[in-house]
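J.: Could you have a look at this structure, given as structure tokens, before my questions?
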There are 2 protein chains.
Amino acid sequence: MDGKTKNRAAAVPPPDGARPTLKTIAFMTGLGITTVSRALKDAPDIGAETKERVRLVAKQIGYQPNRAGVRLRTGKTNVISLVLTLEEEIMGITSPMVVGITEILAGTPYHLVVTPYSSTKDPLGPIRYILDTGAADGVIISRTEPHDPRVTLMTERHLPFVTHGRTEMGIVHPFHDFDNERFAYEAVRRLTERGRRRLVLLEPPPNLTFHSHMRTGFERGLKDFGAEAVSFHHVNIDHSLVAIRDAFEQLMRSVDAPDGIVSGSGSGAIALIAGIESAGKKVGQDVDMVSKVPSDFLRWLRPEVMTMYEDIRLAGRELAKAVIGHIEGKPPETLQSLSQPEFQRPMSKSPKV
Amino acid sequence: MDGKTKNRAAAVPPPDGARPTLKTIAFMTGLGITTVSRALKDAPDIGAETKERVRLVAKQIGYQPNRAGVRLRTGKTNVISLVLTLEEEIMGITSPMVVGITEILAGTPYHLVVTPYSSTKDPLGPIRYILDTGAADGVIISRTEPHDPRVTLMTERHLPFVTHGRTEMGIVHPFHDFDNERFAYEAVRRLTERGRRRLVLLEPPPNLTFHSHMRTGFERGLKDFGAEAVSFHHVNIDHSLVAIRDAFEQLMRSVDAPDGIVSGSGSGAIALIAGIESAGKKVGQDVDMVSKVPSDFLRWLRPEVMTMYEDIRLAGRELAKAVIGHIEGKPPETLQSLSQPEFQRPMSKSPKV
DNA sequence: CATCGCCACTGTATCGTTACAGATTTTGTC
DNA sequence: GACAAAATCTGTAACGATACAGTGGCGATG
């Protein structure tokens, strides 16, 4: 007789049309399954020539490890989970984000799984699910809060992750963030350069970390460039466009009306413009406005609004690189990045003329 | 001695903090692993009381089947793959689509995996990958062509799928589509109602199926409502905004300038508007325009443009339901749907005043 | 009372992979 | 030449689930 029992496998030809497995390679090379497995991972106890032979055959027949097999045996899922609020939909920042992430994952064995949740409910839900079921090797979250229970939980349980946005908990973890402080500061600079002195900020919801970043930049700008703040806290960029417009129309009609506006979101800017116009005023004339934008639309449709571009696709790429780095054990402090606002030249009505 | 070898498992207490498996339940109930497995799938050869007991315990300890185990043994992945072009990014239709899909998947064991590809390269790539590796139970594709090789391949290989858009190959398969013919027809109606007679269509790329749908509706409208077409085929909605604008500016400056425009995409409309304005004309005055839109932005920023809403989130939901139906073996002809354009009332500048 | 059939349940093998503990051969040492 | 140490390679078991082929008990049948 030949081999004993299980690895006798190598002596049996693999079924025909089926997808190749280690067994197939073992049969073709005459080696044991174990050897093939170890050869493919370049283990030190396999001969150089054997490795070469195995690699060649594997490539030839298009071997790809069975994910379920690996996952069952090792627990490695090769999955990155993108945790999204279903509501995170305004102005669709999700698309470029997903594209950015997949651009990076394309060169790796990782797949991207989208895990949604209703933000009105338990934000820990999806995290718990991933922890309980071992659904992913790494997680990307957004809408980060200064004290974010998700970060605490994932850190405790050693689940690699990265946040889109920073925290303030003394936990060093991977993140990518847009420099919202800088954005607001530069926005104020732009407005004061145009002689605006009574400025208002359409801010992020107060529970998110970048709320304070943006406020800080705004206020630092006011001080440095000599302007005053007009209070406008009833609504924030999470509110509906209608709510923002109505609130802002009211403000613009009041004696307190600002002459300069910083908008923390592109879609918010749309509502603000509507509010301004409802109040019978005009952007670029009665007021100036700077908005953070994730795309070109505002610039095309309302060139009178000054825009600072936030590259979400880049963010996706950075986030993907960071989670993978975290999974691979790189120190978290090397996996942090901040991207700078890009002030956009106003679009000329007709560049060719 | 007790049980023989493998199922002796049931006699061994499960490790402490670990996630519960069938073994855990088997131990707790004193049953065999097989019995537990069959009880949970409501097999006919298990006693009613036993099933009840098993279900209770399973629920109590929060048992969730190990996906890798199931997948390895049965081949069922519980994965739906959304195949996207990386370029499909203009105007971010991906976001609401993903949201719609996940809304449906949330109530099922399915996960959503995003599989991107570079449309300039081989569109069959991701399909082949899924077929070769058994990466998903079902697939959602878009940018459907009249003779779409992906549809042929998946049909041949019995991989359940659904297309966003229709085909013309005589293959009956699940799809969801927006009624682009109706859209264009109604758009022409609107324009002629305003007295416009020289109409132009910014159309989809000619290789996609809905190109002809939209053209057909457009031409039928021209005939029924008495208007003539202005030729404009140099660019389509897949081209860059700059290309569209420049081409359209030229058209608007020519003696052939149209007085009515149908735009097959929201972002395209933005470029058209820019082109019109570069040529020194004005929408709502010199020309009227109807555009298909996936969001509210255009309506907010350019209320003079008439818009017809395409509900992408709904499309996501329909697509998800259809793939799942296909996976479950429902006949394809019952998994086809067409959504109608929703003409939107122009936004009043200030509804409260 | 032997036998049959049915019900309810169980053991074994298996999916593809890898950790681990050998096994065999070659090389090195004195 | 004997023995140890490398150097290579291999079998077994296990991850968690399920298909399949039983097994044992019990009531019905003749």
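The values are calculated or read from the model by the stated rules, or taken from the named source; none is laboratory data. The model shown is predicted, which means the values in this text are computed figures rather than measured ones. Methodologically, a virtual Cβ is constructed for each residue, glycine included, from the backbone with ideal geometry; neighbour enumeration extends over all protein chains shown. For accessibility, only protein heavy atoms count, side chains too; no ligands or nucleic acids. Shrake-Rupley method; radii C 1.70, N 1.55, O 1.52, S 1.80 Å.
J.: Only one of A:Val151, A:Val162 is surrounded by 20 or more Cβ atoms within 10 Å (Cβ to Cβ) and in contact with a Pro (Cβ under 6 Å, 6 or more places away or on another chain); which?
T.: Numbers: A:Val151 fails: in contact with a Pro (Cβ under 6 Å, 6 or more places away or on another chain).
Exactly one residue qualifies, and that residue is A:Val162.
J.: Restricting to segment A:305-334, give me the number of residues that are aliphatic (A, V, I, L, M), closer than 26 Å to B:Thr94 by Cα and away from every other protein chain (no Cβ under 13 Å). So that I can check it myself, show each step before the final result.
T.: Here is the first cut: in segment A:305-334, the residues aliphatic (A, V, I, L, M) are A:305-306, A:308, A:312, A:314-315, A:319-320, A:322-324, A:327.
In the following step, the residues that additionally are closer than 26 Å to B:Thr94 by Cα were identified as A:308, A:312, A:314-315, A:319-320, A:322-324.
From what is left, the residues that are away from every other protein chain (no Cβ under 13 Å) are A:308, A:314-315, A:319, A:322-324.
Selection size over segment A:305-334: 7.
J.: Does at least one position in segment B:68-77 carry a residue that is away from DNA strand D (no atom under 12 Å from the Cβ), within 14 Å of another protein chain (Cβ to nearest Cβ), touching a residue at least 24 places away in the same chain (Cβ under 8 Å) and crowded, with 17+ Cβ neighbours inside 10 Å? Steps first, answer last, please.
T.: Restricting attention to segment B:68-77, the residues satisfying the condition of being away from DNA strand D (no atom under 12 Å from the Cβ) are B:77.
Now restrict to residues that are within 14 Å of another protein chain (Cβ to nearest Cβ): B:77.
Right, trim to touching a residue at least 24 places away in the same chain (Cβ under 8 Å) and you get B:77.
Those still in the list that are crowded, with 17+ Cβ neighbours inside 10 Å too: B:77.
Yes, segment B:68-77 contains a residue that is away from DNA strand D (no atom under 12 Å from the Cβ), within 14 Å of another protein chain (Cβ to nearest Cβ), touching a residue at least 24 places away in the same chain (Cβ under 8 Å) and crowded, with 17+ Cβ neighbours inside 10 Å.
J.: Filter segment B:280-328 down to the residues that are among the aromatic types (Phe, Trp, Tyr) and in contact with a strand residue (DSSP E or B) (Cβ under 8 Å, 6 or more places away or on another chain) and list them by number. Outline the logic, then answer.
T.: First pass over segment B:280-328, keeping only residues among the aromatic types (Phe, Trp, Tyr): B:297, B:300, B:309.
Answer for segment B:280-328, where residues must be among the aromatic types (Phe, Trp, Tyr) and in contact with a strand residue (DSSP E or B) (Cβ under 8 Å, 6 or more places away or on another chain): just B:Tyr309.
J.: Looking at (1) under 16 Å from B:Thr209 (Cβ atoms); (2) surrounded by 20 or more Cβ atoms within 10 Å (Cβ to Cβ), which one does B:Arg182 not meet, given that it meets all the others?
T.: Going through the list (1) under 16 Å from B:Thr209 (Cβ atoms); (2) surrounded by 20 or more Cβ atoms within 10 Å (Cβ to Cβ), B:Arg182 breaks only (2).
J.: With the checklist (1) touching a residue at least 12 places away in the same chain (Cβ under 8 Å); (2) away from chain B (no Cβ under 11 Å); (3) within 16 Å of DNA strand C (Cβ to nearest atom) in hand, flag the one item A:Gln60 doesn't pass.
T.: Status for A:Gln60: all satisfied but (1).
J.: Here's something else I'd like to know. Please return the ranges of strands (runs of 3 or more DSSP E) entirely within segment A:96-186 where 2 or more residues are more than 11 Å from chain B (Cβ to nearest Cβ). Full working, then the answer.
T.: Values: elements: A:111-117, A:138-141, A:161-164, A:175-178.
Here the list reads A:138-141, A:161-164, A:175-178.
J.: For segment B:202-241: of the residues being part of a helix (DSSP H, G or I) and β-branched (Val, Ile, Thr), which is farthest from the other protein chains (Cβ to nearest Cβ)? Quick ask: steps written out before the conclusion?
T.: First, the residues of segment B:202-241 that are part of a helix (DSSP H, G or I): B:209-225, B:241.
In the following step, the residues that additionally are β-branched (Val, Ile, Thr) were identified as B:209, B:216.
Values: B:Thr209: 22, B:Thr216: 29 Å.
This residue is B:Thr216.
J.: Still on this model: Name every residue in segment B:288-304 that is more than 10 Å from every other protein chain (Cβ to nearest Cβ) and touching a Leu at 6+ places or on another chain (Cβ under 9 Å), in order of residue number.
T.: The answer is B:Asp288, B:Met289, B:Val290, B:Ser291.
J.: Step by step: first the residues of segment A:246-260, then only those that are open to solvent by less than 10 Å² (accessible area, probe 1.4 Å) and touching a helix residue (DSSP H, G or I) at 6+ places or on another chain (Cβ under 6 Å), then the one that is farthest from the other protein chains (Cβ to nearest Cβ). Which residue is that?
T.: Quick first cut of segment A:246-260, residues open to solvent by less than 10 Å² (accessible area, probe 1.4 Å) only: A:248, A:252, A:258, A:260.
From the residues that got through so far, the ones that are touching a helix residue (DSSP H, G or I) at 6+ places or on another chain (Cβ under 6 Å) too are A:248, A:252, A:260.
Details: A:Phe248: 11, A:Met252: 11, A:Gly260: 20 Å.
Top of the filtered list is A:Gly260.
J.: If you don't mind, there's one more thing I want to ask. Tally up the residues in segment A:90-136 that are open to solvent by 20 Å² or more (accessible area, probe 1.4 Å) and either within 16 Å of B:Val99 (Cα to Cα) or charged (D, E, K, R) (or both), please.
T.: 15
J.: Please specify each residue of segment B:269-318 satisfying the condition of being hydroxyl-bearing (Ser, Thr, Tyr) and in a strand (DSSP E or B).
T.: Applying the first criterion (hydroxyl-bearing (Ser, Thr, Tyr)) to segment B:269-318 yields B:278, B:291, B:295, B:307, B:309.
Scanning segment B:269-318 gives B:Ser291, B:Thr307, B:Tyr309.
J.: So, in segment B:8-49, exactly how many residues are modelled with pLDDT under 95, of a type outside the set (A, V, I, L, M) and within 8 Å of DNA strand D (Cβ to nearest atom)?
T.: So the count comes out to 2.
J.: May I ask you to list pairs of residues, at least six apart or on different chains, whose Cβ atoms are under 8 Å apart, with the first in segment B:283-308 being under 16 Å from B:Arg198 (Cα atoms) and the second being open to solvent by 30 Å² or more (accessible area, probe 1.4 Å) and not acidic (Asp, Glu)?
T.: Pairs found: B:Val287/B:Arg196; B:Val287/B:Lys281; B:Asp288/B:Arg190; B:Asp288/B:Arg194; B:Asp288/B:Arg196; B:Val290/B:Arg190.
J.: So, in segment A:193-203, exactly how many residues are touching an Asp or Glu at 6+ places or on another chain (Cβ under 9 Å) and surrounded by fewer than 24 Cβ atoms within 10 Å (Cβ to Cβ)?
T.: So the count comes out to 5.
J.: A further question on this structure: For B:Ser267, only one of the following conditions fails: (1) hydroxyl-bearing (Ser, Thr, Tyr); (2) in contact (Cβ under 8 Å) with a residue 24 or more places away in the chain; (3) open to solvent by 30 Å² or more (accessible area, probe 1.4 Å). What is its number?
T.: Among (1) hydroxyl-bearing (Ser, Thr, Tyr); (2) in contact (Cβ under 8 Å) with a residue 24 or more places away in the chain; (3) open to solvent by 30 Å² or more (accessible area, probe 1.4 Å), B:Ser267 violates only (3).
J.: Sticking with this one: Under 8 Å by Cβ, and 6 or more places apart or on different chains, what pairs join a residue from segment B:148-172 that is among the hydroxyl-bearing types (Ser, Thr, Tyr) with one that is part of a helix (DSSP H, G or I)?
T.: Listed pairs, sorted by first residue: B:Thr163/B:Val151; B:Thr167/B:Val151; B:Thr167/B:Thr209.
J.: Quick one: is B:Phe210 closer than 22 Å to B:Gln336 by Cα, touching a strand residue (DSSP E or B) at 6+ places or on another chain (Cβ under 6 Å) and open to solvent by less than 60 Å² (accessible area, probe 1.4 Å)? Step through it out loud before you land on a result.
T.: Values: closer than 22 Å to B:Gln336 by Cα: yes; touching a strand residue (DSSP E or B) at 6+ places or on another chain (Cβ under 6 Å): no; open to solvent by less than 60 Å² (accessible area, probe 1.4 Å): yes.
Considered against the rule, which asks whether it is closer than 22 Å to B:Gln336 by Cα, touching a strand residue (DSSP E or B) at 6+ places or on another chain (Cβ under 6 Å) and open to solvent by less than 60 Å² (accessible area, probe 1.4 Å), B:Phe210 comes out as no.
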